[in-house]
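Trainee: Here's a structure for you.
Laboratory data are not the source of any read-out in this text; all were calculated from the coordinates shown. This structure is a prediction, so every number in the text was calculated from the model and none was measured. We place every Cβ from the backbone using ideal geometry, glycine too, and count neighbours over all the protein chains shown.
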């Protein structure tokens, strides 16, 4: 495996954009990425698209050549990768594998989702497809309910509190207020987070990530640049919650993290900042434990202590996370990497962290059936 | 790039199976494949699933870990690849790349689609997603209409006749009658084919492939076996018919074929038999030309002469093709490879060809926005 580098990044703002289509957002992110990299479409040897369910959201399928063609990337392999909310991470993982193994010099990864053209009931239905239709969505267990069960169990098993969950929301809302490309820039207090409208007890509206439109792109290459991909790993686990032995941990994240740390020759203590998959606040707490940043059961007090704030020991989701930056499903895994690169370049403005040599992204699909862990490092 | 070999194959029958779900068909094909290969799920280092639109057909998304888990393949990267009707071929292409480049020793590719649970109008809508929603499906140009335009232009430009299109149907129906796993085993006459119910002029019901349920799997490995993958290539082209300069040829097939022949160190004359993407009869004629078996415009008379029949110079679609074997979208590209392997092993029974040292598969997405060409060889 040879070294792989980040050649460039590009993102659209995340938000609800009634006038924007899936393809034009994707093309905007790709154009921004190519400009950032100083490259042209002709430099791209293969195109990797992360998209969860464009066909259901937009009635357009076969999205990889559809987007690539509009971006001027013609003729090369153009493929859509689907791994639920980890679709973007999975596209990146396969792209990285291809460059690392010498198949290509330069490839482009794009992630995109256009969600807000559908009403909330339809969006909930589409998202529920990432769970188990037989034992979950068909009996009303859509994702807020699934993660509510996970949260309730974590509270029961470890004494995690509502205040600790709310602390994740408060932090991520604050971080997003410093991110010009975030969907929601509204700072909230702990009291507001605790008093949010109930969604699925114990989760309130402030524990849930946003339904967003947006796209992100990253160009990776064998040509040296200041930021390298130190590792990327994808793993799988059970789709149905009922098939897990312990619902307070995601085996796929633990497996992907173990492989990524081994590849990178690093451990959790070497990581300076992270973007993790906070589809619900409880998912950020569990990610802290599954990634080895803290022992199982200790994430609640740790996060509530401010350890993962921008000025803390390990800043997490400085972008605002899925919670407040927004969560256009297929874009998320790619956007996480873009946001890490922005920090590593020192161009994060008001949300800039002081040390960003080693950065980790974790992108989760469903309730943990897919997890992708990527580590970037300054060289 | 190191050599990659076929370790085993497995297929379900293709057909309309009201009592069978997507997952259980996929698991059956995987179990058959592992048994054929003399392997266990623990040998599989990564899982590649070709599936076009399971979410729309079955309400279940996140299908790669969903299927892998049920097949006992746990923990490893499990990813769904979507490239319209070339989803199976695309999954195989990426799997082959991964083994050829040394990332894995052994991986499993599965293709599956469950289509017949939806009514014809809904199926047509779902399939139309593989075209351009803006300029095609939204104005009534679903795939039969798109390929009717292609056929009409080929007839205009080259003098191709209705009888020549019908000859493709007659041949493939006959071949399927010899294939115990085919969806439709009904032999038809040229008169029947010509007198079929009109679908989109000049195409009749006999010019259109079937709506089917089914799954296929193939295990590929770096461990030597009698059949090697000589080449695999994927290319892309415009999604919308309106964006093509010549609709009687698919640039993606030409590009993929050129790369595959170069990789394999072969030319069209070296191929002993082929499975090609006859989603409509005209597509089989165009494939003959795009793959270089015959000059542009000459495929009609050539096929009508019997050259591509089982006893002909280049047997094509001895399985019955998408036309009569059936076309469960995501399964098709993988099933083509399984059917070639069956011939190369000499186990094709009544449809066995006399020489099967070099075999080619071509899997097309939409009206040519994706094409995957794979060449297998006996070693």
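Trainee: For the protein assembly as shown, take every pair of Cα atoms, bin their distances at 20 Å starting from 0, and report each bin as a whole percent.
Mentor: 19, 52, 25, 4, 0
Trainee: Can you name the residue in chain B whose Cβ lies closest to the B-to-A rotation axis, and give that gap in whole Å?
Mentor: B:101, 2
Trainee: What average number of partner chain Cβ atoms lie no more than 10 Å from the Cβ of the residues making up B:41-53?
Mentor: 1
Trainee: Here's something else I'd like to know. Take residue A:262 and residue A:3, extend 7 Å from each Cα along the Cα→Cβ direction, and tell me the distance between the two endpoints in nm.
Mentor: For residue A:262 paired with residue A:3, the spin-label model returns 2.4 nm.
Trainee: Hey, another quick one. Residue B:345 label points, 7 Å along Cα→Cβ, one per copy: pairwise distances from this copy to the rest in nm, shortest first?
Mentor: Spacings between copies for this position, smallest first, are 5.3 nm.
Trainee: Moving to a separate point now. For peptide B:129-137, what's the mean number of Cβ atoms from other chains within 10 Å of each residue's Cβ?
Mentor: 5
Trainee: Let me ask another. Starting with the fewest neighbours, write out B:189, A:236, B:101, B:299 ranked by other beta-carbon atoms found within 10 Å of each beta-carbon.
Mentor: B:189, B:101, B:299, A:236
Trainee: How far is helix B:143-158 tilted, in degrees, relative to the longest principal axis of the Cα atoms in chain B, given as a value from 0 to 90 rounded to the nearest 10?
Mentor: 60 degrees
Trainee: Please give the average number of partner chain Cβ atoms lying within 10 Å of the Cβ of each residue in B:348-355, rounded to a whole number.
Mentor: Mean number of neighbouring Cβ atoms from other chains: 0.
Trainee: As a test, work out the antiparallel percent of DSSP beta bridges whose residues both lie in chain B, rounded to the nearest 5.
Mentor: 75 percent
Trainee: Kindly work out what percent of the DSSP beta bridges joining two residues of the protein assembly as shown are antiparallel, to the nearest 5.
Mentor: The answer is about 75 percent antiparallel.
Trainee: Taking the Cα centre of each part, how many Å lie between segment B:107-171 and segment A:114-138?
Mentor: Value for the Cα centre distance between the two parts: 29 Å.
Trainee: By count of other Cβ within 10 Å, fewest leading, how are A:94, A:173, A:358, B:156 ordered?
Mentor: Exposure proxy ranking, most exposed first: B:156, A:358, A:173, A:94.
Trainee: Another question, if that's okay. How big is the Cα convex hull of segment A:254-338 in projection, averaged over all directions, in nm²?
Mentor: Mean shadow area of the hull around the Cα atoms is 5.5 nm².
Trainee: Something else now. Two decimals is fine: what's Rg over Rh for segment A:285-379, C-alpha atoms, Kirkwood radius as Rh?
Mentor: With Rh from the inverse mean 1/r over Cα pairs, Rg/Rh is 0.94.
Trainee: While we're here: Just for segment A:237-379, what percent of DSSP beta bridges are antiparallel, to the closest 5?
Mentor: 65 percent
Trainee: May I ask you to report, in nm to one decimal and beginning with the shortest, the distances from residue A:118 to the same position in the other copies, taking label points 7 Å along Cα-to-Cβ?
Mentor: 1.3
Trainee: Would you work out the relative contact order for segment A:26-94, in percent, from Cα pairs under 8 angstrom that are 6 or more residues apart?
Mentor: Reported as a whole number, the value is 38 percent.
Trainee: Another one. Angle, helix B:281-290 long axis vs. longest principal axis of chain B, Cα atoms, 0 to 90°, nearest 10?
Mentor: Taking Cα atoms only, the helix is inclined about 70 degrees.
Trainee: Place the label 7 angstrom along Cα→C-beta at residue B:258 and in each other copy, then list the distances from the first to the rest in nm, shortest first.
Mentor: 4.7
Trainee: Another question, then. Would you mind computing, in nm to one decimal, how far apart the modelled labels at residue A:352 and residue B:134 are, each placed 7 Å from Cα along Cα→Cβ?
Mentor: 3.9 nm
Trainee: Hey, could you pull the Cα Rg and Dmax for segment B:1-69, both in Å?
Mentor: For segment B:1-69, the Cα radius of gyration and maximum Cα-Cα distance read 13.5, 43 Å.
Trainee: What order do you get for B:285, A:103 when you list them from fewest to most C-beta neighbours inside 10 Å?
Mentor: The most exposed by this proxy come first: A:103, B:285.
Trainee: Using only the alpha carbons of chain A, determine the length spanned along each of the three principal axes and report them from longest to shortest in whole angstroms.
Mentor: Principal extents (Cα only, largest first): 54, 43, 37 Å.
Trainee: Is any residue of segment A:97-113 close enough, with backbone N under 20 Å, to a label point placed 7 angstrom from the Cα of residue A:225 along the Cα-Cβ axis, and if so, which?
Mentor: Only A:97-112 pass the distance filter.
Trainee: On to the next question. Could you please state, rounded to a whole Å, how far the C-alpha centre of segment A:343-368 is from the C-alpha centre of segment B:59-91?
Mentor: So the separation of the two Cα centres works out to 29 Å.
Trainee: I've got another one for you. Could you tell me how many degrees, from 0 to 90 and to the nearest 10, lie between the Cα long axis of helix B:329-344 and the main elongation axis, the longest principal axis, of the Cα atoms of chain B?
Mentor: So the helix axis and the longest Cα principal axis differ by about 80 degrees.
Trainee: Now for a different question. I need the peptides A:3-13, B:58-68, A:54-64, B:237-247 ranked by packing, meaning the mean over residues of other C-beta atoms within 10 angstrom, with the highest value on top.
Mentor: So the peptides A:3-13, B:58-68, A:54-64, B:237-247, ranked by packing, come out B:58-68, A:54-64, A:3-13, B:237-247.
Trainee: Another question, then. What translational D, rounded to a whole number of µm²/s, comes out for segment A:125-263 from Stokes-Einstein when the hydrodynamic radius is the Kirkwood one over Cα pairs, at 10 °C and 1.306 mPa s?
Mentor: 89 µm²/s
Trainee: Enumerate the whole-percent occupancy of each 10 Å bin, from 0 to the last occupied one, for all C-alpha pair distances of segment B:77-134.
Mentor: 19, 40, 25, 14, 2
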